[in-house]
Each structure stands twice: as structure tokens, then as C-alpha cells.
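So the structure is just underneath, and the comments pick up after that.
The values are calculated or read from the model by the stated rules, or taken from the named source; none is laboratory data. Small disclaimer: the values here were computed from a predicted structure and weren't measured. All Cβ positions, even for glycine, are placed from backbone atoms using ideal geometry, and neighbour counts span all protein chains on display. With ligands, DNA and RNA removed, areas are computed over all heavy atoms of the protein, side chains included. Shrake-Rupley method; radii C 1.70, N 1.55, O 1.52, S 1.80 Å.
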Amino acid sequence: MNTTTRRIAAGAAVIAATAGIGFAVAGAANAGTLPVTRPGEPTVAMTITNHTDKPEYLIGATTGQSGQWVNAPQRVLYPGASETITAVAPFSNYLTANAQYKIGHVGPTANYEIENMKGNVNTSMSGIWGPHAQNYWMSHTISSRYPNVNVGFDQW
């Protein structure tokens with residue numbers, strides 16, 4: 001191999017390794033690994049995937065009165081993209097994390113919400129409403145319970 005070919009191959013290997021590390025870190029967000037002030041505080045890791053052909057535009061996000069973002073929602077969630085937003089609630093026993101997105105510029109609103117409290121972990125306030133809401137649907141999977149809740153939302 002000549003020097004130019006070796007440099008190109010080495011550069012491609014570095015780019016591939018960097019991308020692989022980035023993907024591994026992106027998938028590593030987990031409510032059980034978030035920083036807490038004291039053991040047993042509620043944490044949330046919420047993964048949202050946009051399976052539509054339209055970008056979703058953030059119109060609001062909260063962590064309730066007791067929480068704070070570790071990784072806040074992105075301003076735009078593009079078609080085919082996923083994000084994991086995380087929150088903690090220092091010195092509290094409950095945490096509600098919510099992100100609302102407008103689907104496209106004039107479409108309906110998608111509300112992603114997880115309530116994390118002892119004895120009641122739910123997504124009951126999640127859903128899609130507004131113009132053309134019937135063209136979309138949302139599913140969710142809660143994979144762990146209080147105090148460290150992991151939930152995945154898929155929006156189609």
C-alpha cells in the first residue's frame with residue numbers, strides 16, 4: 001500500500017471508530033445511571049423515535065415542580081431520528097417528564113409524558129391530538145419501574 005492509501009484507510013478507521021463510540025454512548029442513557037443527590041430519588045430516561053416523514057418541532061417541555069433536565073429534548077426531531085431525554089428529581093419522591101412536539105409545521109401535537117412515583121408509573125397523559133391526529137399513532141414501552149424509569153415512545 002502506498003502512503004496516500006494508508007492515510008485514507010487510517011482516516012476511515014478513525015471516523016468509523018468515532019461513529020461507533022457515539023452510537024454506543026447514545027444508547028447508554030439509562031435512568032439507573034443518572035446522577036442522584038440521594039439513593040432512591042426518581043430518574044427518567046425517555047427515548048422518543050420519530051417514524052414519520054415529517055420533522056417534529058418542540059413546543060414545550062417540563063419536568064414538573066420537582067425535576068430538572070439532565071438531557072433536555074431537542075428542538076427538532078427529524079424523520080427517522082431518535083433522542084433520549086433524561087431527568088432527575090433531587091430531594092423528591094416523584095417526577096413527571098413531558099415533551100410536546102408539533103408534527104410538521106401545521107400538524108397535530110404529540111405529547112410524550114411519563115409519570116414516575118412509587119406505586120404509579122404511567123404514560124396516561126401521552127397521545128396525539130389536533131388537526132389530522134387520526135393519521136398518526138403512538139406506542140410506548142415501560143421497561144423499568146420506580147425509582148429509575150426507562151420508557152420508549154415510537155410515533156408513526
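Odds and ends about this structure:
- Qualifying positions in the stretch 29-61 - under 17 Å from His140 (Cα atoms) and among the acidic types (Asp, Glu): none
- Members of the stretch 30-59 found to be at pLDDT 95 or above, more than 18 Å from Ser92 (Cβ to Cβ) and not in a loop (DSSP other than H, G, I, E, B), listed by number: Thr47, Ile48, Thr49, Asn50, Glu56, Tyr57, Leu58, Ile59
- Residues of the stretch 37-51 that are open to solvent by 60 Å² or more (accessible area, probe 1.4 Å) and closer than 14 Å to Tyr146 by Cα: Pro39 alone.
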